[in-house]
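See below for the structure under consideration.
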Amino acid sequence: MKTHKITLIPGDGIGPEVSSAVVSILEAAGAATGVRFEWHRHLAGAEAFEKTREYIPKELYESIEENRVALKGPVTTPVGGGFASINVTLRKKFELFANFRPVKNLPGLKTKYPDVDLIIVRENMEDLYAGLEHEVVPGVVQALKVITSKGSTRIAKFAFDYARKHGRKKVHAIHKANIMKLSDGLFLRCCRDVSLGFPEVSYHEHIVDNACMQLVMNPYQYDVLLTENLYGDILSDLCSAFVGGLGLVPGANLGTECAIFEAVHGSAPDIAGKDMANPTALLQSAVLMLHHINEPETAERVQAGLEQVYREGKVLTKDVGGTSGTKAFADAVLKAMEAPV
Ligand code: ATP
Ligand code: MG
């Protein structure tokens with residue numbers, strides 16, 4: 001039996017509920033497929049600060065460095081004052097330069113757009129997320145948008161490599177270079193240069209505001225969306241709506257050394273602690289993780305169980321039109337994995 005050591009950050013808000021649902025499903029799928037997980041649990045954010053006086057405790061950093069794989073629930077970033085984003089800090093620390101977010105319909109779940117199958121590849125370390133802001137004089141604040149050719153080239157390469165490897169036909173670079181001529185201009189130039197090495201993938205450029213409209217009009221015209229950090233954040237939430245909302249869409253933060261798997265959604269404080277959260281997004285992130293650690297059989301078992309629950313449509317959470325809670329949904333997936341059809 002193979003054992004994988006995985007750093008687990010349950011997170012806050014709905015994080016602990018969705019994480020515990022996901023862990024129980026992975027444990028069961030692992031037991032059935034000869035895979036064992038050793039979870040190294042760590043706090044991050046406000047809760048960690050209360051206990052250790054650090055928002056990201058040293059042990060958490062060391063754990064990710066050692067295990068190289070983490071599964072992470074959402075961690076709240078306070079609006080306005082407070083501490084810097086834990087998510088952004090972790091992505092920078094481990095050079096997780098690529099944020100990979102597949103947006104795909106689940107069987108049986110009726111949405112406004114069936115058969116959507118998009119990939120968002122979002123640059124994960126630069127842009128306005130560099131967090132460089134200062135007050136010039138009272139009443140005037142400046143935020144620095146940082147775009148580098150190194151960062152833009154490597155994210156573009158990631159997107160095209162993925163497209164080539166998985167038979168994706170089109171990459172759209174999303175930008176606002178008509179206004180931000182230097183920064184987005186540089187991003188676009190890098191994307192164009194990289195595209196030349198991939199003649200089998202067609203390359204296109206769309207201005208971000210137009211892309212929002214085009215996406216809602218006809219999401220099928222897109223295949224891989226290649227974006228800077230902020231546009232990717234916004235487009236991810238928009239695209240999640242095609243397939244049933246934020247409760248569903250998974251994500252992976254990838255670098256050359258480590259990987260952190262986490263859902264697109266945040267900590268959803270409005271429904272936290274109420275057994276209402278949909279664990280599907282984190283579960284599908286865990287499926288990406290299982291493929292990453294080369295356990296496809298376990299991944300497929302989880303995905304098949306999940307899809308069966310959606311296909312039957314009897315035990316679903318409220319966000320996707322059901323009446324069941326987080327725990328009941330997780331139990332349904334466990335049951336479906338035991339008795340595959
Ligand atoms: P962040 O800034 O961390 O990205 P956000 O402002 O985008 O956070 P979220 O926490 O992602 O906000 O949630 C937005 C809304 O989507 C929540 O209020 C909640 O109703 C819904 N939502 C998010 N995740 C889930 C989930 N897993 N299950 C059900 N509903 C969810
Ligand atoms: Mg968000």
Next on the checklist: Quick test for you: out of Asp193, Asp233, pick the one residue that is surrounded by 14 or more Cβ atoms within 10 Å (Cβ to Cβ), among the charged types (D, E, K, R) and either closer than 29 Å to Val287 by Cβ or under 18 Å from the mean Cα position of the chain (by Cα) (or both).
Outcome noted: Asp233
Checklist entry - Pairs, please: C-beta under 6 Å, at least 6 apart or cross-chain, first residue under 16 Å from Glu17 (Cα atoms) and β-branched (Val, Ile, Thr) and in the stretch 245-273, second part of a loop (DSSP other than H, G, I, E, B) and away from ligand 2 (no atom under 12 Å from the Cβ)? => result Ile271/Ala277
Checklist outcome for this item: Within the stretch 285-324, residues being touching a residue at least 40 places away in the same chain (Cβ under 8 Å) and over 17 Å from Leu106 (Cβ atoms) number 7
Checklist entry - Just a yes or no: is a residue in the stretch 325-338 surrounded by 18 or more Cβ atoms within 10 Å (Cβ to Cβ) and without any contact (Cβ under 8 Å) to a residue 40 or more places away in the chain? => result yes
Checklist entry - Would a scan of the stretch 166-179 turn up a residue that is in a helix (DSSP H, G or I) and hydrophobic (A, V, I, L, M, F, W, C)? => result no
Item to check | Positions within the stretch 326-341 being modelled with pLDDT of 95 or more and of a type outside the set (Lys, Arg), in sequence order | outcome: Thr326, Ala328, Phe329, Ala330, Asp331, Ala332, Val333, Leu334, Ala336, Met337
Item to check | Test result for Arg154, surrounded by 17 or more Cβ atoms within 10 Å (Cβ to Cβ), farther than 30 Å from Lys112 by Cβ and of a type outside the set (Gly, Ala, Ser) | outcome: yes
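The values are calculated or read from the model by the stated rules, or taken from the named source; none is laboratory data. No experiment lies behind these values; they were computed from the predicted model shown. With ideal geometry, Cβ positions are generated from the backbone for all residues, glycine too; neighbour counts draw on all protein chains shown.
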